[in-house]
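Each reported figure results from applying straightforward, stated rules to the coordinates on display, with no laboratory input. Computed from a predicted model, the values in this text were never measured in an experiment. Backbone-built Cβ (ideal geometry, glycine too); neighbour counts: all protein chains shown.
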Amino acid sequence: MDLTLHVWRQSGPKDKGQLETYPVKGISPDMSFLEMLDEVNEQLIKTGKLPIVFDHDCREGICGTCSQTINGKAHGGQDRTTVCQLHMRSFKDGDEIFIEPWRARAFPVIKDLIVDRTALDTIMQAGGYVSCHTGGIPDGNAHPIGKPVADYAMDAAECIGCGACVAGCPNSSAMLFTSAKVAQLAVLPQGKHEAKARVKNMTDALQTSGFGNCTNHLECEASCPKGISVKFIAKLNREYMKAVVS
Amino acid sequence: MILDGKTPTGPIEKTWDKHRFDMKLVNPSNKRKFKVLVVGTGLAGGAAAASLGELGYNVEAFCYQDSSRRAHSIAAQGGINAAKNYPNDGDSIYRLFYDTIKGGDFRAREADVWRLAQVSNSIIDQCVAQGVPFARDYAGYLDNRSFGGAQVSRTFYARGQTGQQLLLGAYSALSRQVKAGTVKLYERTEMVDLVVVDGVAKGITCRDMITGEIKSYWGDAVILATGGYVNVFYLSTNAMGCSVTAAWKAVQKGAYFANPCYTQIHPTCIPQTGDHQSKLTLMSESLRNDGRCWAPKKKEDCEKAPGDIPEEDRDYYLERKYPSFGNLAPRDIASRAAKEQCDDERGVGPGKRGVYLDYATAIERVGEHTIKERYGNLFEMYEKITDENAYKRPMRIYPAPHYAMGGLWVDYNLMSNVPGLFVLGEANFSVHGANRLGASALMQGLADGYFVIPYTIAGYLATVTPGVVTDEHPAFKESKEQVQAQTDKLLNIKGKKTVSEFHRELGKVMWEDVGMARSEASLKNALQRIPEIRDEFWKNVNVTGSGEELNQQLENAGRVADFLEFAEVFATDALHREESCGGHFRTEHQTDDGEAMRDDENFAYVAAWEFKGVGKAPELHKEPLKFENVKLAVRSYK
Ligand SMILES: Cc1cc2nc3c(=O)[nH]c(=O)nc-3n(C[C@H](O)[C@H](O)[C@H](O)COP(=O)(O)OP(=O)(O)OC[C@H]3O[C@@H](n4cnc5c(N)ncnc54)[C@H](O)[C@@H]3O)c2cc1C
Ligand code: SF4
Ligand code: FES
């Protein structure tokens, strides 16, 4: 199929950046979206132009590296799908496709479609862990964890840290990302003891890292390729109240 | 030269405990003075950096991704083994040890494997303590499943995302140390050289992948935990950025590369659809627990819809060839069998490189609902990629390069032959012999990182004075100049072919001539083709852009350049090993019914290769393998 791409090109953080148009021909519906971009890049190189840079690694929806806004939607807007899992059969011959980087104050553009997401790591470093040492740990079965609790923790733990929730949110809030870790650890016997300090430290980091506030637009859940539920935000809020009230 | 693995002697059950006691310790108040560089933040590197930071060492950790949470360990699906024997089904440290030695086709060191089995249980405890949400039963206890043909249920898992959850556990421990100030992270930083001073590893040189700056870092010890090299085949289940570069730079500086020809080709991957393909996707091996592999008996049926091929015209080839293991035959055997069907022109799907994995019988037996519960996410993933519904139509699968058993040679302390250079995880060669069993790589990565290196590195550091060599030493300047020269060279060729075109060409040669089945003729052909491709690369590659910016073409060019040197050593190793064992199958060495024939008399050794320069024959060093606790036997799965 033949397509027209409008791709965000920005040579560096200081460049203003603009959309550039590339007509592409002969794309197979079996190609993944990133393979389509590979093909475009090969053509650009052959014609002496600079290829489009974009973040990617696993290409199977688990590492959270790929990050593109396609036609205004983070990851292209398909249910539970990352950019790298998107296939060209979801597009039609003659389509125009707009490809842009994540847009958020906390994620400055580095080049073309690549942004800096270290703010997400900063939130994790503020408290997204259980303070256990290596070694000297009791048997894994010492504290039984009921299946519903283990399943709840796993639902939250599926977050891949891609940042689509931030890109999708009108306020650029990282609440869904933060809440997933807070909720996972708060319900587990191993994580409970530090729950109060954790929720405070992580929400503080959230506020000082350039993310906006959560005003319940729920766009985060809609953008999330892993189906992380906003119920974890409610859990974070409850945990936060517990922490500040006591 | 005969290499010494420095394995402790005495009864195997006591080796690790005794060795731990015999090793020197570093005085706690001195630890902060030692700087340790950890390259890689996957399971092995992440666990090591976090644990060493906790102990008080001054750690710097590096990865090429934008976050230390994204190493390719994240993609592991199936699970992690441990000898807990929770199901009471007869498992033990001895059995895990035995299975691993046998599964590796008797090409690994006994003591290393014993240690792995011994610490496996602590890994599970550690991960639970970190909050890893392993699957649990209704009473709240940890659930186990049988995996990869093991006859006991010893695999722990977190849905289909075990690697992700374990890595996030290690990442959380690492994040805690970053906050505590014991670990400094360098993301988007690619190691492009090892700095060796007077024969001892003392630092690394990296390229900042955002600014292009070439910078050196010094350390009292260097740990490489940089993963596997199967992207030498171009198409594999590894991430796009996985490369041999870090290990290869160490080889160029004197480290030996052990058993490069031992690579694992995983049987259940989604087949290639066309030349545009950039990577292959693995589907968990657990699929073979309920799926039945078959190919049409008649060539003329290959184009038909699978539902139109009657039962009697289907060849359930694994059940036919291996009646006792059937569809659960080990990976190397299952992969080769699939290839045989396709070589016999009975393959299905695009290019006829595929066989069926059929759930009809299982759905009839336990119902679609149960199958959905067991494999729902995998069926979904399959449908996303192929647009086919595997509940209705058998999946198509084909083997793909997946794991590297070979790697940098290390002794029992995980130190390479270059003092001060330690190698962990998939990047070393240690425990899997010629074939790795399912769910044992995650175990090894975490064993190395959490429970081995914290002890063995102390034994080394206790013998060195901290900070005597820093980046003031001229070797660092030299290393930076060398890297700069290579960068300039790549950028100035301005040829006609892209980096990907060269990588694809190399991959094709490796897959066809050095892939699942190798012969003297195919290997000789590869050894002729690889230098030709390499020569053309250095004359005709087109690397766009400049060195002083984010430049993915330049990054890839460096990696492909290293693959082009490494591939030759790989093929040389495969040619020299005149036997078939594990993942290494030489067509000359097989029984009448096509089974691998090992030659213990002549090849029960580790082959460690010393690099002698581009285009020169590498030199072979051998480490003989002794089997005192397990009897050498033919690995039969019939
Ligand atoms: C799809 C898939 C499924 C798997 N499933 C299982 C399973 O179910 N069970 C199991 O036991 N095993 C499984 N494996 C194998 C297992 O996941 C890996 O062997 C293991 O995770 C490797 O861990 P590692 O820490 O050694 O390397 P990796 O996780 O690959 O980490 C390598 C690290 O090194 C860094 N790095 C590499 N080169 C450089 C450089 N030049 N400069 C700077 N940094 C560098 C990377 O950034 C990364 O941080 C699977 C593998 C794949 C591919
Ligand atoms: S919550 Fe969802 S969208 Fe946000 S980082 Fe996690 S996986 Fe990505
Ligand atoms: S590239 Fe890993 S999730 Fe898309």
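Tabulated values for the structure
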quantity: Globularity ratio of chain B, using Cα Rg and 2.2 N^0.38 Å; calculated: 0.93
quantity: Cleavage-rule hits, GluC sites (Glu not before Pro), the stretch B:451-484, DSSP coil, Cβ neighbours within 10 Å at most 16; calculated: B:472
quantity: 14 Å tail of the calculated P(r), the stretch B:538-593, as % of Cα pairs; calculated: 68
quantity: Computed Kirkwood radius, in angstrom, where 1/r is averaged over Cα pairs of the stretch B:485-624; calculated: 16.6
quantity: Pairs of Cα atoms farther than 29 Å apart, chain A, %; calculated: 36
quantity: Antiparallel bridges, percent of DSSP beta bridges restricted to chain B (to nearest 5); calculated: 70
quantity: Whichever lysines have a C-alpha closer than 23 Å to that of residue B:622, once near sequence neighbours (fewer than 8 apart) are set aside; calculated: B:6, B:102, B:249, B:253, B:524, B:612, B:631
quantity: Cross-link reach list, lysines versus residue B:321, counting only Cα pairs under 16 Å and skipping chain neighbours closer than eight places; calculated: B:297, B:339, B:638
quantity: When the stretch A:3-111 is reduced to its Cα atoms, the Kirkwood hydrodynamic radius in Å; calculated: 14.4
quantity: For chain B, calculated [θ]222 nm from helices alone, where every DSSP H run of n ≥ 4 adds -39500 (n - 2.57); calculated: -11500 deg cm²/dmol
quantity: Estimated dipole of the stretch B:485-624 in Debye, rounded to 20 [Cβ of Lys and Arg +1, of Asp and Glu -1, Cα centre]; calculated: 780
quantity: Ratio of Rg to Rh over the stretch B:62-180 (Cα coordinates, Kirkwood Rh, two decimals); calculated: 1.00
quantity: About the Cα centre, charge dipole magnitude for chain B (Lys/Arg +1, Asp/Glu -1 at Cβ), debye; calculated: 1120
quantity: Rounded to 5, percent antiparallel among DSSP beta bridges of the protein assembly as shown; calculated: 70
quantity: Cα-Cα separations in the protein assembly as shown greater than 44 Å, expressed as whole percent; calculated: 24
quantity: Lys pairs, the stretch B:475-516 - Cα-Cα below 29 angstrom, 8 or more residues apart or on other chains; calculated: 11
quantity: Spatially proximal aspartates and glutamates relative to residue B:372 (Cα-Cα < 12 Å; intrachain offsets below 8 disregarded); calculated: B:290, B:380
quantity: Value at 222 nm in deg cm²/dmol, rounded to 500, when DSSP H runs of n ≥ 4 in chain A each add -39,500 (n - 2.57); calculated: -10500 deg cm²/dmol
quantity: Within the stretch B:570-638, GluC sites (Glu not before Pro) in DSSP loop having at most 15 other beta-carbon neighbours inside 10 Å; calculated: B:578, B:588, B:628
